[in-house]
Amino acid sequence: MARTVRLLVRHRSGRSDMMSRGRRRSPGRMRRPRTPKPHQVASRAARGFDALYTEHAAGLVRQTRLLTGRQRLAYRAVERAFHRAWQRWPRVAVARDPAGWVRAAAYEYALAPWHRLLPARQRPLADAGPHPALAAAFVALPPSYRRALLLHDGLGLGIAETAAECEASAMATVGRVTHARACVAELLPELRGVSPSQQDEALRRMLGELIAAQPVRTRPADAVRLGSERRTRWWTRGALGLTALIAVVTAFVAAVRPDGYRAPQAPGESVATASPVTQMEEGRESRKPDRREPGHEDRVDARSGQGPAQRKAGRPVPRQGSLLPETR
């Protein structure tokens, strides 16, 4: 009996060992992925934003400075573009070209027409680098031509990419680039009398040198992130404050307004009592013609039946009721 019990226990223990080994060796079993914690996600997003800012901020400042010819505006436009990128980082991080997204935002802010209404803040570019004539000719172009020429010749983008970033058709982009090249070539002596292909190569080289030669000094990435968060808090508090103010004013107006419309009552007047005879006499006097009215002499008197000629002659005209039957 004891031998049977030992065999049964050994059999069960061996079976359990085999099952445990099979479970450990089963290749189809997968481990459940761990959900990242919020602070891990935030740190990962911050690292990605810092890498993007560190790599492209200085170049964007140089490009925007050449695009506008104003140094302070270039710094402000690039910083505002990175603020928007950090506010929309979940969408920007998965974009096809995050640097292109930030560049488009910076160009849009820098080329906004309302910047021309601030003459006190306009400070032209003092140090134009190795090609001051090119910088002056470039800034003299229309904003759309500047942007297309900088993207195509300065950064080396294709026509399709330039058209997509400028939000224009391919034909319109080609026309802008061609016209901008012709205008710049007319103002530069070294590009005159040269074939179009050589002009394009020389212009690309000069634009690249002009962009790279401009000194810039950018802020740290964490300072830009904190500035974006601070700006978001300010806008949120301002919106909440404005909403609360509107709610308070609405409640005050609803509390002090009347329940309904009440028509104003005219003030009472004292009416003197008079006899019917007096009222008839007053009515007759009111119906008498005014002597001062023009043409009063030409009227016929209703009582006597006399016109103006009879009244002047002094002959009374008998009434119809006093005539005899045979004279009627």
Practice problem: Output the residues belonging to the stretch 31-80 that are of a type in the set (S, T, Y) and modelled with pLDDT under 90. | Solution: T35, S43, T68
Quiz item: Name the residues in the stretch 220-229 that are crowded, with 17+ Cβ neighbours inside 10 Å and among the aliphatic types (A, V, I, L, M), would you?
Solution: A221, V224
Practice problem: Would you please list the contacts, defined by Cβ atoms under 8 Å and residues six or more apart or on different chains, that run from a residue in the stretch 52-79 that is in the same structural domain as E229 (by TED's automatic domain parsing) to a residue that is at pLDDT 90 or above and of a type in the set (S, T, N, Q)? | Solution: L73/T64; A74/T64; A77/T64; V78/T64
Quiz item: Does T218 satisfy the criteria of being within 20 Å of G100 (Cα to Cα), modelled with pLDDT of 90 or more and not aliphatic (A, V, I, L, M)?
Solution: no
Self-check item: Residues being surrounded by fewer than 16 Cβ atoms within 10 Å (Cβ to Cβ) and either of a type in the set (S, T, Y) or closer than 10 Å to D153 by Cβ (or both) - total across the stretch 172-195
Solution: 2
Quiz item: Y145 passes all but one of (1) part of a helix (DSSP H, G or I); (2) out of contact with any His (no Cβ under 7 Å at 6 or more places or on another chain); (3) at pLDDT 85 or above; which number fails?
Solution: (2)
Exercise. Could you check how many residues of the stretch 196-219 are surrounded by 12 or more Cβ atoms within 10 Å (Cβ to Cβ) and outside any helix (DSSP H, G or I)?
Key: 5
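If the requirement is being aliphatic (A, V, I, L, M), free of Cβ contacts under 8 Å to residues at least 60 places away in the same chain and within 24 Å of G69 (Cα to Cα), which of these qualifies: A223, A213, A182? Before the answer, list the steps.
Values: A223 fails: within 24 Å of G69 (Cα to Cα); A213 fails: free of Cβ contacts under 8 Å to residues at least 60 places away in the same chain.
Unique residue meeting the criteria: A182.
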Quiz prompt | Set L125, L134, L117: member being out of contact with any helix residue (DSSP H, G or I) (no Cβ under 7 Å at 6 or more places or on another chain) and at pLDDT below 90 | solution = L117
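Okay, residues lined up against (1) aliphatic (A, V, I, L, M); (2) assigned by TED's automatic domain parsing to the domain that holds H56; (3) touching a helix residue (DSSP H, G or I) at 6+ places or on another chain (Cβ under 8 Å):
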site: E167; (1), (2), (3): no, no, no
site: V177; (1), (2), (3): yes, no, yes
site: S195; (1), (2), (3): no, no, no
site: L207; (1), (2), (3): yes, no, yes
site: E229; (1), (2), (3): no, yes, yes
site: T232; (1), (2), (3): no, yes, yes
site: T236; (1), (2), (3): no, yes, no
site: A239; (1), (2), (3): yes, yes, no
Practice problem: Answer yes or no as to whether V224 is in a helix (DSSP H, G or I), within 31 Å of the chain's Cα centre (by Cα) and more than 25 Å from F82 (Cα to Cα). | Solution: no
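The values are calculated or read from the model by the stated rules, or taken from the named source; none is laboratory data. Everything numeric in this text was worked out from a predicted model, so none of it was measured. Methodologically, a virtual Cβ is constructed for each residue, glycine included, from the backbone with ideal geometry; neighbour enumeration extends over all protein chains shown.
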